[in-house]
Amino acid sequence: MMIGKPKDETYYEEYKASILQVMAEEKLEIPIFYNVNFGHSVPIGIIPMGTEVELNCEEKRIILTECPTIE
């Protein structure tokens, strides 16, 4: 799962605590990238909805596995 960063990193600690709380309550054991520069953050990374990606948690990399635009 990828979660963008809060705009201007406002409420960063609260944001992080909320993510961890939901993960604990729902007993989620999935990799999560959070505080990622996409969506409404600056700089803005664009990942079109529905684009398949590979998340490499060890290297902290997001790899597009398909072309996100029409060729």
> If you check every pair at least six apart or on different chains, which have Cβ atoms under 6 Å apart with a residue in region 1-22 that is in contact (Cβ under 8 Å) with a residue 60 or more places away in the chain first and a residue that is surrounded by 11 or more Cβ atoms within 10 Å (Cβ to Cβ) and of a type outside the set (A, V, I, L, M) second?
Replying inline: Met2/Phe33
> Would a scan of region 13-26 turn up a residue that is out of contact with any strand residue (DSSP E or B) (no Cβ under 7 Å at 6 or more places or on another chain), modelled with pLDDT of 85 or more and β-branched (Val, Ile, Thr)?
Replying inline: yes
> Any idea which residue in region 24-63 is farthest from the chain's Cα centre (by Cα), counting only those that are surrounded by 11 or more Cβ atoms within 10 Å (Cβ to Cβ) and more than 13 Å from Met2 (Cα to Cα)?
Replying inline: Leu28
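The values are calculated or read from the model by the stated rules, or taken from the named source; none is laboratory data. What you see is a predicted model, and the numbers here were worked out from it, not measured in a lab. Note that we place each Cβ from the backbone using ideal geometry, even for glycine, and neighbour counts take in every protein chain shown.
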